[in-house]
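The values are calculated or read from the model by the stated rules, or taken from the named source; none is laboratory data. Since this is a predicted model, take the numbers as computed values, not measurements. All Cβ positions, glycine included, derive from the backbone under ideal geometry; neighbour counts span all protein chains shown.
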Amino acid sequence: MGLNSVIMGLQLVFTIIIGLYFFNLLKSQQGTKTSIDRESKKEMEKLKKLRDIQLSEPLSEKTRPNRFDEIVGQQMGLKALKAALCGPNPQHVLIYGPPGVGKTAAARVILEEAKKVSMSPFKSEAKFIEMDATTLQFDERGIADPLIGSVHDPIYQGAGAYGSAGIPQPKPGAVTKAHGGILFIDEIGELHPIQMNKLLKVLEDRKVFLESSYYSTEDVNIPRHIHDIFQNGLPADFRLVGATTRMPEEIPPAIRSRCTEVFFRSLRPVEIEKIVESAAQKGGFTIDKEVAGLVATYASNGRDAVNIVQTSGCISIIEERDHIAVKDVEWVLEFGHYSPRLDKKVNQNQVVGCVNGLAVYGTGMGSILEIEAIVNKVQERGSGTFTVTGIIEEEEFNKGNGKMKRNSTARASVENVLTVLNKITGIQSKDYNIHVNFPGGMPVDGPSAGIAVFIALYSALLNKEIGSKIAMTGEISIKGRVHPVGGVHSKIDAAVEAGIEKVLIPKDNWQKSFEDYKINVIPVQTIEDVIKEVFEECFATVPNTNISTQAGILTAQGI
């Protein structure tokens, strides 16, 4: 009887001790929860105060296009974008163009446009996921990859209950979040090469396969959905829209071959004027009638135009006005160190040695550039000099994983011109002092100024005037053939803006769409074709006399 009493007493003591332990544990948990709730409440109050603080809406947000018809000056690009993404079989797309011309705005609204098409595979719940390649730093450890996705292994801090159980946790990336919709990557040319290769694999498979050394197909503790992810992958069936300010040749060929390429051009002055007027209206300002034209003289994209209007408007508000005057814009242009656009208008004069060549610079922006040429016959045969100024003497370019240097192709183009002149006219370039200068502060490179340089020198040597309403572009071979060049559409657009009436282009660049331009676009195949179109005659031989021409203006840039 006594032994049983002792045992019962011990059991009672143990029961009380265990009860007290769990009671204290529960109390501690409740205290911790109360403390967490208290801290959470404080943080929520801070968040509410932060959200209650709002600055005025920037004018750039008020003017941001929300529909295709609000995007100014990109009719051809928008048509191509719709064709690529708003049909029954949408394609991956790369959008090229300078900053501030509507690439991102178009990407934002394209999905909504596609949803309106009954045959489109994009459903009403399709998402638009936006990423910026400049902020997507590649993690060699593979711990985090916001683009493709990663696995949170049990050893990492914050693995939670799954981590305690030794279970790897897949973390979906942007490619999975965009499943069924559009993944937009701004500045896609800045992606790390390994990220680019991973993205290409996802585009090929339309799913993402993740790996972890902690995953085992035999582990019964791993939940069923994680088994499914590791074995079958995460879905990633989306359409890629990549935007870049780089040139096409700077983008890896592997991604270009999988995408439809769409080109957005720089905005024309009249289009900048529309943006200025709209921005002023949405900002609640009236403007002098000269303001829109003044801004368009300096701003080549919508973002710059809106920024100039907003800063000018701030000046007027500070001075208690709601009207933007010319003097306000002039002050902004001065302190902002804005430079005038390169847009040129041709003059009406006919000058010996003067020809309009066509160029592209930046990302598909066309231009006309003035160049001077002087030709003088020397007294002593063979003692002539050849000088070219205003060009890139040496260029550096990427090749593979390194960089290479080569002599300027612009200088080589001018040397080809001299060879052709020697061949078809019988002159010896060493009997002349020849100086070709490319002024304007923009280094010139590329071979597409070839036929323009030839016509300018041919005109100067024969003292023949050239009409100011004709322009040309094309590479010239040493046999007098005219070879194709790049950026022809942009160059023709620049010719239209400059008031050109006739444009000569290489025959291999000819497209049926050129007939839609309001100017006469003529394909040429040989330098004899060029001479005939410019002078309306066959080429002539330079007379063996002392020739000294006045300085002519040669407009050409080969890029």
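Looking only at the range 136-152, how many residues end up being of a type in the set (D, E, K, R) and modelled with pLDDT of 75 or more?
Qualifying residue count, the range 136-152: 1.
Could you check ALA296 against (1) touching a Pro at 6+ places or on another chain (Cβ under 7 Å); (2) touching a residue at least 60 places away in the same chain (Cβ under 8 Å) and say which number it fails?
Here ALA296 meets the rest and fails (2).
Restricting to the range 271-309, and then to whatever is in a loop (DSSP other than H, G, I, E, B) and touching a strand residue (DSSP E or B) at 6+ places or on another chain (Cβ under 8 Å), can you tell me which residue is farthest from SER339 (Cα to Cα)?
Among them, the one singled out is PHE285.
Could you grab me the full set of residues in the range 121-145 that are part of a helix (DSSP H, G or I) and surrounded by fewer than 14 Cβ atoms within 10 Å (Cβ to Cβ)?
Result: THR134, THR135.
Are there any pairs, at least 6 apart or on different chains, whose C-beta atoms fall under 7 Å, with the first in the range 478-504 and closer than 21 Å to LEU267 by Cα and assigned by TED's automatic domain parsing to the domain that holds VAL420 and the second in a loop (DSSP other than H, G, I, E, B) and among the acidic types (Asp, Glu), and if so, which?
What qualifies is GLU497/ASP343.
Before we move on, is LEU267 among the aliphatic types (A, V, I, L, M), surrounded by 16 or more Cβ atoms within 10 Å (Cβ to Cβ), modelled with pLDDT under 90 and within 19 Å of ILE71 (Cα to Cα)?
The answer is yes for LEU267.
Any chance you could count how many residues in the range 500-518 are outside any helix (DSSP H, G or I) and surrounded by fewer than 16 Cβ atoms within 10 Å (Cβ to Cβ)?
Of the residues in the range 500-518, 4 are outside any helix (DSSP H, G or I) and surrounded by fewer than 16 Cβ atoms within 10 Å (Cβ to Cβ).
Taking GLY336, is it of a type outside the set (A, V, I, L, M, F, W, C) and either under 30 Å from LEU462 (Cα atoms) or out of contact with any Asp or Glu (no Cβ under 7 Å at 6 or more places or on another chain) (or both)?
The answer is yes for GLY336.
Go through (1) more than 19 Å from VAL241 (Cβ to Cβ); (2) modelled with pLDDT of 85 or more; (3) out of contact with any helix residue (DSSP H, G or I) (no Cβ under 9 Å at 6 or more places or on another chain) for ASN24 and report which single condition fails.
The number of the failed condition is (2).
Does ALA144 qualify as being more than 20 Å from the chain's Cα centre (by Cα) and either closer than 19 Å to PHE238 by Cα or basic (Lys, Arg) (or both)?
No: the conditions fail for ALA144.
Let me spell it out: the conditions are (1) crowded, with 18+ Cβ neighbours inside 10 Å; (2) touching a residue at least 40 places away in the same chain (Cβ under 8 Å); (3) hydroxyl-bearing (Ser, Thr, Tyr); (4) not in a loop (DSSP other than H, G, I, E, B), and SER312 meets all of them except one. Which number is the exception?
(2)
Does LYS491 fit the bill of being in contact with a Ser or Thr (Cβ under 9 Å, 6 or more places away or on another chain), part of a helix (DSSP H, G or I), modelled with pLDDT of 80 or more and charged (D, E, K, R)?
yes
Identify, from the list ILE287, ILE308, ILE275, the residue that is over 26 Å from the mean Cα position of the chain (by Cα) and among the hydrophobic types (A, V, I, L, M, F, W, C).
Exactly one residue qualifies, and that residue is ILE287.
Mind checking whether some residue in the range 242-253 is under 23 Å from the mean Cα position of the chain (by Cα), closer than 30 Å to GLN169 by Cβ and assigned to a strand (DSSP E or B)?
Going residue by residue through the range 242-253, those that are under 23 Å from the mean Cα position of the chain (by Cα) are 242-253.
Adding the requirement that they be closer than 30 Å to GLN169 by Cβ leaves 242.
Now drop any that are not assigned to a strand (DSSP E or B), which leaves 242.
Yes: the range 242-253 contains one or more residues that are under 23 Å from the mean Cα position of the chain (by Cα), closer than 30 Å to GLN169 by Cβ and assigned to a strand (DSSP E or B).
All but one of (1) more than 20 Å from VAL93 (Cα to Cα); (2) in a loop (DSSP other than H, G, I, E, B) hold for GLN231, so report the exception by its number.
If we test GLN231 against (1) more than 20 Å from VAL93 (Cα to Cα); (2) in a loop (DSSP other than H, G, I, E, B), just (2) comes out false.
Quick check on the range 338-346. Is at least one of its residues modelled with pLDDT of 85 or more, of a type in the set (Asp, Glu) and on the phi < 0 side of the Ramachandran plot?
no
Is there a residue being more than 15 Å from ALA105 (Cβ to Cβ), modelled with pLDDT under 90 and either crowded, with 22+ Cβ neighbours inside 10 Å or touching a helix residue (DSSP H, G or I) at 6+ places or on another chain (Cβ under 9 Å) (or both) anywhere in the range 270-279?
Yes, the conditions are met somewhere in the range 270-279.
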